[in-house]
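Input: a single structure, listed below in structure tokens.
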Amino acid sequence: MATNIVAKTGIRREKGWLYFLDKRGDVSRARMARGGGRAVRGQQKVARCGVKREDGWLYYIDKSGNVCKVKMKRSAGGRRRSGRRTAARRAPSRRRTARRTARRATARRATRRRARP
């Protein structure tokens with residue numbers, strides 16, 4: 001598993017904070033739920049990198065505080081399994097059974113109306 005360093009930021013991490021790459025490609029941090037200390041709302045921008053993301057790559061901040069990327073094993077744009085195997089494993093949808101019970105109920109009403117007069 002080869003990692004590529006995308007941006008050298010050299011961030012010093014503090015305890016109780018979660019560091020991540022935000023939508024704009026900058027390093028931000030947010031207070032962890034069980035981080036302890038005073039709760040700070042929202043997120044804080046730590047370093048401006050402007051990293052452009054590519055599909056099929058996982059971006060993270062390593063121990064030395066640099067932004068790195070690694071190739072994902074299972075990405076959305078990757079190869080897919082054959083349709084037969086996944087269709088066989090898939091559970092039947094509830095929507096279909098709901099339609100069946102509705103049809104049965106309407107059929108019962110129709111037979112009761114015919115039988116009364």
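Name the residue that is nearest to K73 (Cα to Cα), counting only residues in region 9-32 that are charged (D, E, K, R) and exposed (fewer than 11 other Cβ atoms within 10 Å of the Cβ).
The first filter runs over region 9-32 and keeps only residues charged (D, E, K, R), leaving 12-15, 22-24, 26, 29, 31.
Checking the rest, the ones that are also exposed (fewer than 11 other Cβ atoms within 10 Å of the Cβ) come to 12, 15, 23.
On the way: R12: 29, K15: 30, K23: 22 Å.
Within region 9-32, the match that is nearest to K73 (Cα to Cα) is K23.
Just one of G56, G42 is at pLDDT 65 or above, under 25 Å from the mean Cα position of the chain (by Cα) and surrounded by 10 or more Cβ atoms within 10 Å (Cβ to Cβ); which is it?
Working: G42 fails: surrounded by 10 or more Cβ atoms within 10 Å (Cβ to Cβ).
The conditions single out G56.
The values are calculated or read from the model by the stated rules, or taken from the named source; none is laboratory data. Because the structure is a prediction, the values reported are computed rather than measured. When we count neighbours, we look across all protein chains shown, and the Cβ atoms used for this are built from the backbone with ideal geometry, even at glycine.
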